Amino acid sequence: MNDSAAPIGIVTVTYSPGEYLTRFLDSVPGATDRGAVVVMADNGSTDGAPEAAEAKYSFAELLHTGGNIGYGAGMDRGIDTLRARRAAGEIDDEFVVIVNPDVVFHPGAVDELIAAAERHPRAGAVGPLIHEVDGSVYPSARAVPTLVSGIGHALLGKVWKDNPFSRRYRDDADMTRERTSGWLSGSCQLLRWDAFDAIGGFDERYFMYMEDMDLGDRLARSGRENIFTPAAEITHAQGHSASAHPEITVPAHHESAYRFQADRLDARWQAPVRWVLWAGLKVRCAVALWSAQRALRTGQAERN
């Protein structure tokens, strides 16, 4: 541990994370020379994994949020628990890390995020290069979608993956250099405490999906930057549970998409646009849910 710097605070939101949580916590000591304090904000796990982790790892502590309150709200609660430690000088007072429990840090990843933030004094958030489990790179640094590009991506993304709307949405032409991005994947970000507090943290109206896009957009609107750095690397086993519960995840995704755009189209004269957007997303949600449930049934039948 680097004795000249306080440990970094890390928050993860858990919901029956299983063996992924152990892999994540095993990777924490190698991610930073500063040491770390990890808060597990638990949204109602039933698998016992967070309790077992708290008993096993001296740097991890468990916070029960009281139920499945959503990702952003869980993160806010976890960060709130670190404030007293920050005030007492027990953890770093400039940066805090938010991360999913199905992430594995590569060696030195957190220290590289801190180094990037120090190179960019206006950075409110810094995100790493994200590897999928199969080794491919996830396009984690993206442009904030406009209404037109968002609709184009929603309508064409599944049938024409390289359409211009999806390309603009992903903004993934270059994942090899450090750069400013519209927003960063919420699976792992280093945040500046003061920037996060200045915008009021996460918007807890988002239950799941797009709360990271909203956070990044609000940081940018406040004059801060979202910085992507490939010097920091993680592996993320994303989507391992979401696909099993389309009845929850598909409506949540569409509700978040509507909320994001409606908040930015809030003028009275834009009401007709909001109505059309709401109706279109309702139709798309029904189609997507039918397709996801059909695929799930087909997969189960094949396994049987």
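Every number here is computed from the coordinates shown, using simple stated rules; none is lab data. Since we're looking at a predicted model, the values are computed, not measured. Here the Cβ is made from the backbone with ideal geometry for all residues, glycine too, and neighbour counts use every protein chain on show.
Summary of values
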{"read-out": "Unit charges on C-beta of K, R, D, E only; dipole of the range 73-140, Debye", "value": "240 debye"}
{"read-out": "Dipole of the chain, positive end: most advanced residue of TYR258, SER45, PHE59 [Cβ charges, Cα centre]", "value": "TYR258"}
{"read-out": "Top of ALA279, ALA73, ALA143 by mean-square fluctuation, Gaussian network on the chain, Cα under 10 Å", "value": "ALA279"}
{"read-out": "Residue with peak Gaussian network fluctuation, the chain [Cα springs, cutoff 10 Å], from ARG259, ARG77, ARG221", "value": "ARG221"}
{"read-out": "Tail fraction, Cα-Cα pairs, the chain, threshold 38 Å, whole percent", "value": "12 percent"}
{"read-out": "Mean Cα-pair separation over length for the chain, i.e. relative contact order, pairs under 8 Å, 6 or more apart, %", "value": "19 percent"}
{"read-out": "Contact order relative to length of the range 244-303, as percent, for alpha carbon pairs under 8 angstrom and 6 or more apart", "value": "51 percent"}
{"read-out": "Relative contact order %, the range 1-89, counting alpha carbon pairs below 8 Å whose residues are six or more apart", "value": "33 percent"}
{"read-out": "Relative exposure of THR146, THR235, judged by other C-beta atoms within 10 Å (fewest first)", "value": "THR146, THR235"}
{"read-out": "Candidates VAL110, VAL11, VAL287, ranked by Gaussian network fluctuation over the chain, Cα under 10 Å, top entry", "value": "VAL287"}
{"read-out": "Summed residue charge, Cβ within 11 Å of HIS254's Cβ, Lys/Arg positive, Asp/Glu negative", "value": "+2"}
{"read-out": "Amide H within-cut-off set for SER140, under 5 Å, with H built and near neighbours excluded", "value": "ILE130"}
{"read-out": "Simple Cβ-charge dipole of the chain, Lys/Arg +1 and Asp/Glu -1, about Cα centre, in debye nearest 20", "value": "1480 debye"}
{"read-out": "Sorted by Cβ neighbour density within 10 Å, fewest at the top, the residues ASP263, ASP194", "value": "ASP194, ASP263"}
{"read-out": "Using a Förster distance of 22 Å, the FRET efficiency for SER222-GLN270 (Cβ separation, nearest 0.05)", "value": "0.45"}
